[in-house]
Amino acid sequence: MEYAIETENLTKKFGDFFAVDNLDFTIEKGEIFGLLGPNGAGKTTTIKMLATLLKPTSGFAEVWHHNILREHDAVRKSIGIVFR
């Protein structure tokens, strides 16, 4: 099985506030995936971490088998993201 995205215990804290708390998920190659939740659920924070725009407090994530902490350039070359 090939994963496009994989996270384990992905966490982002701002002070004492947990914006993302131990997030675990995988998205398989070719899978259609929606990230849904109410305001303040951590959707944007998760996307920013996966796009290497925000460093996680702890945990692990890979995008197309590239580690988001150690392979910023490879991650960014493997994705397309548009900001409004």
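No value in this document is a laboratory result; all are computed from the given coordinates. Worth saying up front: this structure is predicted, and the values here are computed from it rather than measured.
Give me the percent relative contact order of the chain, please, defined on Cα pairs under 8 angstrom at least 6 residues apart. Walk me through the numbers before you get to the answer.
Values: 135 pairs, mean separation 26.5, N = 84.
Across the chain, relative contact order equals 32 percent.
Could you point to the label whose value was computed as Cα Rg over 2.2 N^0.38 Å for the structure here, given (1) 1.04; (2) 1.45; (3) 1.37?
Only one listed value fits the structure, namely (1).
Go through segment 25-40 residue by residue and turn each phi into a ³J(HN,Hα) via Karplus (6.51, -1.76, 1.60, θ = phi - 60°); whole Hz please, and just put x for glycine and proline.
So the J values, rounded to whole Hz, are 6, 10, 10, 7, 3, x, 6, 9, 9, x, 9, 10, x, x, 3, x.
For segment 13-22, just list the computed ³J(HN,Hα) in residue order, Karplus coefficients 6.51, -1.76 and 1.60, θ = phi - 60°, integers in Hz, with x standing in for Gly and Pro.
Listing the rounded values in order: 10, 10, x, 8, 8, 8, 6, 9, 10, 6 Hz.
Roughly how far apart, in whole Å, are the Cα centres of segment 64-84 and segment 1-60?
About 13 Å separates the Cα centre of segment 64-84 from the one of segment 1-60.
Taking H as built 1.01 Å from N, whose amide H comes closer than 5 Å to the amide H of Val20, not counting residues under 5 places away?
Those lying under 5 Å, H to H, from Val20 are Lys12.
Could you name the lysines whose alpha carbon sits less than 20 Å from that of Lys77, not counting residues in the same chain fewer than 8 places away?
Lys29, Lys48, Lys55
Got a sec to turn the phi values of segment 58-73 into Karplus ³J(HN,Hα) couplings, 6.51 cos²θ - 1.76 cosθ + 1.60 with θ = phi - 60°, whole Hz, x for Gly and Pro?
Each residue's phi maps through the Karplus curve to give 7, x, 9, 8, 10, 10, 6, 6, 10, 5, 5, 8, 9, 10, 3, 4 Hz.
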